[in-house]
Amino acid sequence: MPRPTVPVPVPLGELLLPPGRIVGDPATAVTGMTMASASVRPGDLFAAVPGAVVHGARYARDAVAAGAVAVFTDEAGLAEVPEGTPVLLGTDVRNDVGRIASRVYGDPSERLTVLGVTGTSGKTTTTYLLEAGLRAAGRTTGLIGTTGTHIGDEKLEAAFTTPEAPELQALFAVMLERGVTDVAMEVSSHALALGRVNGTSFDVGGFTNLSEDHLDFHGDMGRYYEAKRRLLEIARSRVVVLDDESGWAHQLLEDLGGGMTTVSRGPNHGNWYVSGGVQAQPDGSTRFVVRRRASLLGMQSDMIEAGCAIPGEYNADNVLLALAMLDEAGVELTSEVVSAIATATVPGRMEPVHAGQDYLAVVDYSHKPAAVDGALRALRPLTKGRLIIVLGCGGDRDRGKRPHMGDIAARGADLLIVTDDNPRTEDPAAIRRAMLDGALAVPAAERGEVMEIGDRAAAITAAVGAAGFGDTVLVAGKGHETGQEIAGVVHPFDDRVVLRAAIEARA
């Protein structure tokens, strides 16, 4: 991640958070911060965070040797710090890293308009819609999320949906340095639970939905929800999508009380809602009318002719959320802004692959039960023939969702090809077996044909070989990703490239 080109030194003493203390010289000048000893730059404060297996203080000597001028840690890590190195001591290092990093970089998010989006599905799409709307409004934008980071027109890759706290605050500072005014940001549940966004000032927080995912990390849906709720608790303004069949959106309203803006495309009419239903177009895009109760929308009317270029009625929720969040941020919803949102596309999100074929081919990031269900439901009305899906599950992740994924795909598709996703360190065959158990448990009369092809490229090729006029091939799970992790090694692999090559080879 980039750092500011002109760092401003901050005395160590100004970074102290009670009830912590300083060992050494409080006047020590700090110019940056990191949690990774391999990323230390001269003048850095090294954050030695206690981990589940290893305390980060074990790497303090390496950090100091690389130029760190001080270490932030707790009493347990103090003994690992080289003698004579100034130490900023805290009682909850993981929780405080974000706030200290923000101070190191001059509280940059306070001088930006930050719009954060959380939820199980729809975060990436909504942030891209926000970015498109902000640009059309004349703002200079930044974007942080799963597909990478944008600083104006520059695009950077990202290791996490939400960077670690020191990298995030440095990124905000760089954005300020380069003239960014507004940031659209995905906020993951991991980031919220691990304090990565502590110290970040959110002007608007948006909630999309909540469904089963990441239970390997959170343990249960209750704790997963509590992590997501955190963004709405700290944001100055809140927008919530009500079309969450699981009921978690209404739980948010109950827990946080009034002062929230709500949106809905369904019968749960919120402050912003779709009037007259969502109209699917032949190209897969949608059109719909948006209204806001008892208010104008900046165009001398209480009605907006809105739309979304990404297939799927559910994407109307993402458009509603983006419109309402922009309004909360003070952006006038001109026809240019609304049009930019209606035509925006997102890498790997219901992304069509056209290579002259007489059937529809789509790549989508859907890798959770609800997202797979939504993608299949979105494509069914566009499919005159058979709906074919290529789907796998990631290794070293929530194992409980694998049978559910198989069940949903077998019910929703005419042909399911179970394949590998990112098996990581797990046995790929065991992952596929869990999916097949779910798929084959569906009564034969209620499921489509089910096949197993472990090699993902071969599975995509088989799907293309099975497709005919009017069919749809959906390659799901990896979306924008350009690598496949097998046994700890990442191999180059892009579903879009492989799908296009298979179509062209068949032609």
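The values are calculated or read from the model by the stated rules, or taken from the named source; none is laboratory data. Bear in mind that the values here come from a model prediction, so they are computed numbers and not experimental data. So basically every Cβ, Gly included, is an ideal-geometry build from the backbone, and we count neighbours across all protein chains shown.
Mind listing whichever residues of the stretch 467-504 are farther than 23 Å from Arg349 by Cα and in contact with a strand residue (DSSP E or B) (Cβ under 9 Å, 6 or more places away or on another chain)?
Matches in the stretch 467-504: Ile486, Ala487, Gly488.
How many of the residues making up the stretch 227-256 are over 21 Å from Ser201 (Cα atoms) and of a type outside the set (D, E, K, R)?
Here the count works out to 9.
Given (1) closer than 26 Å to Val64 by Cβ; (2) without any contact (Cβ under 8 Å) to a residue 12 or more places away in the chain; (3) touching a strand residue (DSSP E or B) at 6+ places or on another chain (Cβ under 6 Å), identify the lone condition not met by Glu83.
Unmet for Glu83, out of (1) closer than 26 Å to Val64 by Cβ; (2) without any contact (Cβ under 8 Å) to a residue 12 or more places away in the chain; (3) touching a strand residue (DSSP E or B) at 6+ places or on another chain (Cβ under 6 Å): (3).
List the number of the failed condition for Ala52; all other conditions in (1) closer than 22 Å to Gly106 by Cβ; (2) outside any strand (DSSP E or B); (3) within 26 Å of the chain's Cα centre (by Cα) hold.
(1)
Checking the structure you have, find out if any residue of the stretch 150-157 is at positive phi and either assigned by TED's automatic domain parsing to the domain that holds Leu326 or over 11 Å from the mean Cα position of the chain (by Cα) (or both).
Scanning the stretch 150-157 turns up at least one residue that is at positive phi and either assigned by TED's automatic domain parsing to the domain that holds Leu326 or over 11 Å from the mean Cα position of the chain (by Cα) (or both).
Here are Leu242, Leu256: which of them is modelled with pLDDT of 90 or more and closer than 20 Å to Ala370 by Cβ? Full working, then the answer.
Details: Leu256 fails: closer than 20 Å to Ala370 by Cβ.
Every option except Leu242 fails the conditions.
Out of (1) surrounded by fewer than 21 Cβ atoms within 10 Å (Cβ to Cβ); (2) over 34 Å from the mean Cα position of the chain (by Cα); (3) part of a loop (DSSP other than H, G, I, E, B), the odd one out for Ile22 is which?
(3)
Starting from residues that are in contact (Cβ under 8 Å) with a residue 40 or more places away in the chain and surrounded by fewer than 21 Cβ atoms within 10 Å (Cβ to Cβ), keep the ones in the stretch 410-447 and report whichever is farthest from Phe493 (Cα to Cα).
Ala434
At pLDDT 95 or above, surrounded by 24 or more Cβ atoms within 10 Å (Cβ to Cβ), within 10 Å of the chain's Cα centre (by Cα) and not hydroxyl-bearing (Ser, Thr, Tyr), is that true of Met175? Write out each step before concluding.
Working: at pLDDT 95 or above: yes; surrounded by 24 or more Cβ atoms within 10 Å (Cβ to Cβ): yes; within 10 Å of the chain's Cα centre (by Cα): no; not hydroxyl-bearing (Ser, Thr, Tyr): yes.
No, not satisfied.
Among (1) under 25 Å from Gly247 (Cα atoms); (2) surrounded by fewer than 24 Cβ atoms within 10 Å (Cβ to Cβ); (3) modelled with pLDDT of 95 or more, which single condition is Ala340 missing?
(1)
Can you tell me how many residues within the stretch 187-198 are buried (at least 24 other Cβ atoms within 10 Å of the Cβ) and not basic (Lys, Arg)?
Qualifying residue count for the region: 4.
May I ask you to list the residues in the stretch 316-367 that are of a type in the set (Phe, Trp, Tyr) and outside the structural domain of Ala409 (by TED's automatic domain parsing)?
none
Counting only residues that are in the same structural domain as Asp358 (by TED's automatic domain parsing) and under 23 Å from Thr425 (Cβ atoms), give me the strands (runs of 3 or more DSSP E) lying completely in the stretch 457-507 with at least 3 of them.
Working: elements: 472-476, 483-486, 489-492.
In the stretch 457-507, the matching strands (runs of 3 or more DSSP E) lie at 483-486, 489-492.
If the Cβ limit is 6 Å and pairs must be 6+ apart or interchain, which residue in the stretch 110-122 that is farther than 11 Å from Thr208 by Cα pairs with which residue that is of a type in the set (S, T, N, Q) and not in a helix (DSSP H, G or I)?
Close Cβ pairs satisfying both conditions: Glu110/Ser201.
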